[in-house]
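The values are calculated or read from the model by the stated rules, or taken from the named source; none is laboratory data. If you're wondering where the values come from, they're calculated on a predicted model, not measured in any experiment. Cβ sites come from the backbone with ideal geometry, for glycine too, and all protein chains shown count toward neighbours.
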Amino acid sequence: MVENNRSHVATLMRFFSIDSEMSLPNDAAAVVAPETAPPNLLWTKQFLLKVVQLFTGFVCVGVYAEGLKFLKDSINTMMYPNIVYSSFIIITSVILLSCLLGCAMPDVLIRIFNILGMVLYFAAATVTLYESLARKTSHGAGDEVVVQRQMLFATSVMSYFNTVLYAVDVYFSIRRAVSFEAK
């Protein structure tokens, strides 16, 4: 029974730890990450997910910028998605760069960024979807409004896709953090 309680403590400590290796107090079992520095970091699931997230972020910015060309009245209301897209392009680029240079960021920090990315991309996608569906069509607007709606709708779909990518990344991160081997 005591051994089982310690394994739960070890799991929780591993989940919230910053170090990749740590030991429990009172000479309990040491916790080791299941994958200690894979030989080729470029082909791991997490790295490939980050590359796809970065690419999708760039696509969101580009399509969103095209959709905003036709908006003349909503600069303040439509700034939020731009802030989210550009912020997570920077954050994901830093995570990828740290992985490429071999200076891996702590798992807890990456997990926090992934959760924030999932929530903020979902909110940005919802705002963009609302704006694309709520735009009133005036009789003289014509094709400009239709193109604007299509661009904003495409941006919201790509943002929802990136939300799913961040959710999958959170899942893999939590699964990797909880699974461990006791020495």
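Filtered by the rule that a residue be loosely packed, with under 15 Cβ neighbours inside 10 Å and of a type in the set (A, V, I, L, M), region 83-101 gives Ile83, Ile90, Val94, Leu97, Leu100, Leu101.
With respect to Phe153, determine if the residue is surrounded by 13 or more Cβ atoms within 10 Å (Cβ to Cβ) and at pLDDT below 80. Against the criterion (surrounded by 13 or more Cβ atoms within 10 Å (Cβ to Cβ) and at pLDDT below 80), Phe153 does not qualify. Inclusion of Ala104 among residues that are closer than 30 Å to Thr44 by Cβ, at pLDDT below 90, surrounded by 13 or more Cβ atoms within 10 Å (Cβ to Cβ) and over 16 Å from the mean Cα position of the chain (by Cα) is warranted.
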